[in-house]
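Below is one structure, written out as structure tokens; the observations come after it.
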Amino acid sequence: MSYIVEMFHITKDFPGIRANDDITLQIEERSIHALLGENGAGKSTLMSILFGLYQPDGGSIRVRGKEVKISDPNVATSLGIGMVHQHFKLVHNFTVTENIILGMEPHKGPVIDIRTAEQKVEEISRLYGLAVDPRAKIEDISVSMQQRVEILKMLYRDAEILIFDEPTAVLTPQEIHELMQIMRRLVEEGKTILLITHKLKEIKEVADVCTVLRRGKFVGTVPVADTDEEKMAEMMVGRQVSFHVEKMPAKPGDELLRIEQLNVKNLKGVLGVKNLSLTVRAGEVLGLCGIDGNGQTELVQAVTGLCKIESGKIYLKDKDITHLSIKERTDRGLGHIPEDRQKHGLVLDFTMGENFIIHNYYEKPFANFGILNKKAIFENAERLIQEFDVRSGQGAMTPARAMSGGNQQKAIVAREIDRSPDVFVVVQPTRGLDVGAIEYIHKRIIEERDKNKAIFLVSLELDEIMDVSDRIAVIYNGEIVGIVDAAATNENELGLMMSGALRKTRSTPHPAHEAVHA
Amino acid sequence: MTFELFLQMFPIALMFSAPIILTALGGLFSERSGVVNIALEGIMMVGAFTGATVTVLLENSTPAAAWYGLLAGLLAGVVFSSLHAVASINLKADQVISGTALNILAGGLTVYLCQIIFHQQRTRSFSNGIQKFSVPGLSKIPVLGRMFFDQVYPTFYIAIAMVLLTWFVVYKTPLGLRMRACGEHPQAAASMGINVVRMRYFGVLVSGALGGLGGAVMVLTADIQYTLVSIHGTGFISLASLVFGKWNPFGVLGAGLFFGFSTALSFYAKDIPFLANLPGEFFYILPYLLTIIALLLFAGKSVGPKASGEIYDSGKR
């Protein structure tokens, strides 16, 4: 049995944190080796060392049996190591081919030979079943296509060892399935894959071997066939993890959020939300599920005030908020965990402490007579970081940009849950998070529900919707095609509704109709 | 306006266009590589001063003095812009502040050097700058010959050649692709093994070369000596042309011609019946007024290089 990559006793320190502590990793050729760990367990750091982005403080690396020093990504490339980064590194207004050839452009005389390059990209794309158009511009193609461009970049450079850094975090379930097929195809063609992830399902589905890290330390390496999700979760978190949310039956009270006959245009200028009515009551979680792009984004943005609506009404605690600003809505008790954490959730160049007080920076104790109170801001941040286990190198002083995606997500969740809003719009709250963190956040959401708050949960993860919700509304093509009891439905029924094949008439008459005449 | 007047305006308009186009192309290189270069004005001043000085000093020894002046202006631009490169790339200073500092420095520096070399606050006047010429054959073409080939400054042709060369380099060569990548997404470029720092140096130094050349062209065609007000905002007009021309060489050519004509118009306005009643001062402010209007109309819509003005930090996610 030959190992293509071996990393021995790797240690790496960052300011305030030991990211990797004596980690040993051996990768077999032509296998899919998963690297499992919580957010901040040191997976990305270890892979960045292998790719030459960081230098280890201790340990050694062997590639194909030879000891190597990977001083920068160019060395990694020449060793046949390629990496698909979690945040894509693509130039938005370049074509697919231009992005791929950047840095090693084929040329005739002084001119780039774009024709030859396009042909080669086309060939590779066909060989691995990637179906990428070499002439398309990056800004015009979907996220999953962009990811394939990243894969093509490595293949174009004849990479043999492919590192995928949490590749499924940005994909829909269907796209994840396609990616798994692509990975298998790559292995068939002789590549070796290193998959960084914290999703147990994916490991079970696609990986051969799994190495688990916890808080920078090596926990163990197991063949995937001999283990199950529960065991891997326990290795990763260090304790037993429950995959199911413990909760009492809901005791729904007053309607806190009421949406009536809402119409919203999407970015393309057509109606993304059509004549939609919904209510969320105090003390319940209403889940909204649907395939990505069926109007969820427009609905959420309309409710939270991020976009304009065409017609309809939105009531918060019986007050019309249809035309109020975001700030006014927030002040009246609306909370929001946004879909796009970097765009709408955080100011990336602010510190954690500053991001935590972004709603109420002007209130006591964070400000006195218009002057920010550094001490109060710091204490508030330290408390939330502790409570929600946000891992950041320099605590309250860490710039949001310097944190991993999962920890950015935890920070937003911490800030919003801590405000305890009466009506809480929660979009993809556990996106990019590991099972331990998911368990905790679900528990906190249910606690909010039990404090008689109204929770509107929007998620693409069907498991999450079914576990956390009390009622589930299914959105298809901008319309609600049915509302069902979470306890009385199953994945099949929801799947049929999500694809538009099945419609369920409401079991209870919708109160919105009466309100229209009132 | 008579047609004759229109034809007369042409060579003058082209003369004013040449330095604007050259300098704006310089700005294009800098911004495409990711560095905002507001120092174009100062670079032009330094180029103009050097061009005029070298011309004056060599005038008695060689008939090609003005051409040496152009070359000297170009080199001086490179040297001067290297200050901007060091400040904004190595020292990671705010690029607008660094550019502003250079603009202020240029005024003081050139006048100071004039005082040392010529014992006055301006250069001595040169007797021959770049000379007009007529292209044999082509200048005889009816109408078109009068417009583009009869009694024109060769500097306009240099500008046209630079437009074509810039287009070729920026859009057709590996160098151009890499440079644009640095201006759009430097982290992406770096991940492909491109040296972002070196690429940005290239962009800034080329902008210095073209800006310095532009300054020298301006003083050696439209003036008789360098003074503190020789450039009078042309660097900023070039910057506006860059925005107006959407960071594209041919767009820059169009914008440069537009501003060249608006400058020429101020000289011919009193001969145009329906414009003659307006006060003369109005036409002197015209190019600047049009700059503001053009920026208001186009600035919002045109998109420049995404990472232009952004300090490159290899650790940024």
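What follows draws every value from the coordinates through simple rules; no lab data is involved. Quick caveat: nothing in here was measured; it's all calculated off a predicted structure. Here the Cβ positions follow ideal geometry from the backbone for every residue, glycine too, while neighbour counts run over all protein chains shown.
Can you give me the C-alpha center-to-center distance between the range A:291-358 and the range A:204-243, rounded to a whole angstrom?
37 Å
Quickly work out the B:ILE311-to-A:ASP349 label distance, labels modelled 7 Å from Cα along the C-beta direction, and quote it in nm with one decimal.
Between A:ASP349 and B:ILE311, the simple spin-label model gives 0.9 nm.
Going by how many other beta carbons lie within 10 Å of each one, how would you line up B:TYR68, B:TYR171, A:TYR476, fewest first?
With the sparsest Cβ surroundings first, the list reads B:TYR171, B:TYR68, A:TYR476.
Sum -39500 (n - 2.57) across every DSSP H segment of at least 4 residues in chain A, then divide by the residue count to get the 222 nm mean residue ellipticity, nearest 500.
Here the helix-only value at 222 nm equals -9500 deg cm²/dmol.
Tell me the label-point distance for the pair B:ALA64, A:MET397, using the 7 Å Cα-to-Cβ offset, in nm and rounded to one decimal.
The modelled label-to-label distance comes out at 6.2 nm.
Label A:GLU28 and A:HIS244 with points 7 Å out from Cα along Cα→Cβ: what is the distance between them in nm?
Between A:GLU28 and A:HIS244, the simple spin-label model gives 3.5 nm.
Report the number of Lys pairs in chain B whose alpha-carbons are under 23 Å apart, with separation of 8 or more residues or on distinct chains.
8
Please arrange A:THR172, A:THR430 by how many other C-beta atoms lie within 10 Å of their C-beta, fewest to most.
A:THR172, A:THR430
Reachable aspartates and glutamates from A:LYS327, Cα under 17 Å, same-chain residues fewer than 8 places away excluded?
A:GLU363, A:GLU416, A:ASP422
Taking the convex hull of the alpha carbon atoms in the protein assembly as shown, what volume per residue do you get, in Å³?
229 Å³
If you rank A:SER78, B:SER88, A:SER144 by fewest surrounding Cβ atoms within 10 Å, what's the result?
With the sparsest Cβ surroundings first, the list reads A:SER78, A:SER144, B:SER88.
To the nearest 10 degrees, how steep is helix B:196-222 against the longest Cα principal axis of chain B, on a 0 to 90 scale?
The answer is roughly 10 degrees.
Positive end of the charge dipole of the range B:3-298 (Lys, Arg +1 and Asp, Glu -1 on Cβ, about the Cα centre): tell me which of B:SER88, B:SER241, B:ILE285 has its Cα farthest that way.
Projecting each Cα onto the dipole axis, the largest value belongs to B:SER88.
List every residue whose amide H lies under 5 Å from the amide H of A:LEU288, counting only residues 5 or more places away in sequence or on a different chain, with H placed 1.01 Å from N in the peptide plane.
A:LEU457, A:VAL458, A:SER459, A:ALA473
What FRET efficiency comes out for the pair B:PHE168/A:LYS374, r = Cβ-Cβ distance, R0 = 51 Å, nearest 0.05?
Details: r = 55 Å, r/R0 = 1.08.
With R0 = 51 Å, the Cβ-Cβ based efficiency is 0.40.
How big is the dipole moment of chain B about its Cα centre under a simple scheme where the beta carbon of each Lys and Arg is +1, that of each Asp and Glu is -1, and everything else is neutral? Debye, nearest 20, please. Show your work: numbers first, answer last.
Working: 18 positive and 12 negative charges, 159 e Å.
Here chain B has a charge dipole of around 760 debye.
For a 22 Å ceiling on Cα separation, which of these pairs sit above it: A:LYS89/A:LYS343; A:LYS274/A:LYS308; A:LYS343/A:LYS410; A:LYS317/A:LYS410; A:LYS12/A:LYS217?
Violating the 22 Å limit, Cα to Cα: A:LYS317/A:LYS410.
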